[in-house]
Amino acid sequence: MLGIDISPSSVKVVELEPGQKAPMRLRRYAIEPIARGAITDGNVDQPEQVAESLNRALRRVGTRTRAVAMAMPTSAVITKKITLPAGLSEDEYEVQVESEAIQYIPFAIEEVNLDFQVLGPSAGSEDDVDVLLAASRKEKVEDRVAVAEMCGLQPVVMDIDSYAAREVLAHVARALPNGGHGEVIALFDVGSMVTTVAMTLNGQTIFEREQTFGGMQLTQEIVRAYGLMPEEAEVRKKAGDLPEDYALQVLQPFIESGVADVSRALQFFFTSTPYTRVDRICLAGGACVVPGFAEAVAERTGVATAILNPFGGMELGAAVREKQLGVDAPALLTACGLAMRRFDA
Ligand SMILES: Nc1ncnc2c1ncn2[C@@H]1O[C@H](COP(=O)(O)OP(=O)(O)OP(=O)(O)O)[C@@H](O)[C@H]1O
Ligand SMILES: [Mg+2]
């Protein structure tokens with residue numbers, strides 16, 4: 001099964017396979033840009049354009065695998081934990097979930113895709129179980145499925161992107177001292193338009209928030225400062241191929257605004273939850289790799305900060321170029337979490 005992340009700026013494909021020594025090996029991956037405007041606010045507005053990018057990515061990955069795991073944007077999914085009697089059959093749960101869901105979903109039930117998972121015994125009562133329900137507009141799910149099908153793929157898993165990210169964090173946390181147990185870990189996924197913030201403790205999400213900060217802002221500043229076309233600005237930003245005053249005049253202010261955003265998120269976390277500390281900051285998303293960002297976050301917050309490598313502890317396939325992966329890996333957070341689904345029991 002392939003992991004496919006269709007995000008506003010690009011399509012990302014990751015293929016993991018069983019390794020020789022480690023449980024997982026990154027066989028290959030690809031990141032292909034999506035035409036501007038093809039995806040807006042998480043909606044697939046131009047499926048053909050997105051399919052074209054996906055096809056390019058698939059060719060680069062060069063795989064015969066057709067089964068894929070995809071994800072919905074977190075903002076397009078309503079999730080709710082409910083309590084139901086224990087010991088029902090799958091069909092009985094389905095009926096119960098549907099009747100409960102009607103209370104939480106602001107659309108007609110025929111218009112949504114509804115899914116659920118029994119989480120386990122309820123803390124409140126022995127006779128009950130906690131059930132997680134997830135609902136999304138059918139058309140939004142179908143738009144993504146259609147893109148995959150246009151490329152001859154077969155979607156078998158539809159996840160939620162923040163859940164896929166959490167899967168990766170759990171995998172990486174296992175390598176921390178004491179398995180990261182008892183640590184409040186903050187994950188900042190700094191994308192093109194938004195930064196998704198998630199605080200976790202012992203694998204549970206204790207705080208989640210989205211902020212409008214991302215790499216697109218830096219591209220726009222480059223456009224403004226040097227009169228470039230956005231596409232060229234984007235390429236030169238990644239290559240670091242910009243005039244001498246760039247670091248001081250453009251990059252530095254961008255980093256400062258990013259760091260201010262990070263500390264605002266921490267303040268918000270402290271004031272709106274009982275928690276008073278963060279033990280570790282993990283940075284991910286394509287935009288976190290700009291030179292000096294991680295260092296600036298560490299300095300301002302005083303918290304141990306590192307760029308997250310989703311493939312930490314994995315073997316690398318012969319076709320993977322390690323140096324390029326170092327730059328690309330943080331952006332592959334969601335795609336990696338999705339690709340890991342093939343190892344689910
Ligand atoms: N090597 C690099 N140097 C600087 N910026 C980079 C680099 N690689 C990617 N980026 C930036 O990262 C951003 C894309 O990151 P990512 O792929 O995580 O976002 P996304 O998931 O498409 O968008 P979002 O999370 O906002 O929905 C873009 O703004 C891109 O310019
Ligand atoms: Mg993203």
Practice task
Return yes when residue 61 is buried (at least 20 other Cβ atoms within 10 Å of the Cβ) and more than 15 Å from ligand 2 (Cβ to nearest atom) and no when it is not.
Solution key: no
Practice task
Scan 170, 175 and give me the residue that is at pLDDT below 95, of a type outside the set (S, T, N, Q), within 19 Å of residue 337 (Cα to Cα) and assigned to a loop (DSSP other than H, G, I, E, B).
Solution key: 175
Practice task
Would you mind telling me which numbered condition in (1) part of a loop (DSSP other than H, G, I, E, B); (2) over 24 Å from residue 269 (Cα atoms) residue 252 fails?
Solution key: (1)
Fill in the blank from the handout: From the option list 168, 184, 172, 156, single residue qualifying as more than 17 Å from residue 259 (Cα to Cα) and in contact with a Pro (Cβ under 6 Å, 6 or more places away or on another chain) is 168
Fill in the blank from the handout: Among the residues of segment 201-215, the number that are within 17 Å of residue 75 (Cβ to Cβ) and either in a loop (DSSP other than H, G, I, E, B) or within 16 Å of ligand 2 (Cβ to nearest atom) (or both) is 7
Problem - From the options 147, 184, 190, 131, residue that is modelled with pLDDT of 95 or more and either surrounded by fewer than 17 Cβ atoms within 10 Å (Cβ to Cβ) or farther than 23 Å from residue 293 by Cβ (or both) - result: 147
Fill in the blank from the handout: Heads up, the strands (runs of 3 or more DSSP E) in segment 57-141 (entirely inside) with at least 3 residues that are within 22 Å of residue 47 (Cβ to Cβ) are 67-72
Practice task
Give the residue that is nearest to the chain's Cα centre (by Cα), with candidates limited to residues of segment 139-182 that are within 14 Å of residue 74 (Cα to Cα) and more than 16 Å from ligand 2 (Cβ to nearest atom).
Solution key: 158
Exercise for the section: Please work out which residue is farthest from the chain's Cα centre (by Cα), limiting yourself to segment 183-200 and to residues that are away from ligand 2 (no atom under 16 Å from the Cβ) and touching a residue at least 60 places away in the same chain (Cβ under 8 Å). Expected result: 183
Practice task
Could you list all residues from segment 77-124 that are among the small types (Gly, Ala, Ser) and surrounded by 11 or more Cβ atoms within 10 Å (Cβ to Cβ)?
Solution key: 86, 101, 122
Exercise for the section: Sort out which residues of segment 233-261 are touching a Leu at 6+ places or on another chain (Cβ under 8 Å) and of a type outside the set (Lys, Arg), and write them in order of number. Expected result: 250, 251, 254
Handout entry: Scan of segment 180-200 for residues that are part of a loop (DSSP other than H, G, I, E, B) and either hydrophobic (A, V, I, L, M, F, W, C) or within 16 Å of ligand 1 (Cβ to nearest atom) (or both), ordered by number
Key = 191, 192, 193, 194
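So that you can scan it fast, the table gives a plain yes or no per residue for (1) in contact (Cβ under 8 Å) with a residue 40 or more places away in the chain; (2) within 16 Å of ligand 1 (Cβ to nearest atom); (3) surrounded by 21 or more Cβ atoms within 10 Å (Cβ to Cβ); (4) of a type in the set (Ser, Thr, Tyr):
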{"site": "136", "(1), (2), (3), (4)": "yes, no, yes, yes"}
{"site": "142", "(1), (2), (3), (4)": "no, no, no, no"}
{"site": "152", "(1), (2), (3), (4)": "yes, no, no, no"}
{"site": "160", "(1), (2), (3), (4)": "yes, yes, no, no"}
{"site": "170", "(1), (2), (3), (4)": "no, no, no, no"}
Exercise for the section: Determine whether segment 73-82 contains at least one residue that is hydroxyl-bearing (Ser, Thr, Tyr), more than 20 Å from residue 7 (Cα to Cα) and more than 22 Å from the chain's Cα centre (by Cα). Expected result: no
Practice task
Go through (1) more than 13 Å from ligand 1 (Cβ to nearest atom); (2) touching a residue at least 60 places away in the same chain (Cβ under 8 Å); (3) within 20 Å of residue 157 (Cβ to Cβ) one by one and return the number of the condition residue 74 breaks.
Solution key: (1)
Practice task
Could you tell me whether any residue of segment 18-27 is aliphatic (A, V, I, L, M) and in contact with a Lys or Arg (Cβ under 8 Å, 6 or more places away or on another chain)?
Solution key: no
Problem - Single residue of segment 209-228 satisfying the filter (at pLDDT 95 or above and loosely packed, with under 15 Cβ neighbours inside 10 Å) that is nearest to ligand 1 (Cβ to nearest atom) - result: 220
Practice task
Tell me the strands (runs of 3 or more DSSP E) entirely within segment 1-49 that contain at least 1 residues that are farther than 21 Å from residue 142 by Cβ and away from ligand 1 (no atom under 12 Å from the Cβ).
Solution key: 10-18, 24-33
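The values are calculated or read from the model by the stated rules, or taken from the named source; none is laboratory data. If you're wondering where the values come from, they're calculated on a predicted model, not measured in any experiment. Backbone-built Cβ (ideal geometry, glycine too); neighbour counts: all protein chains shown.
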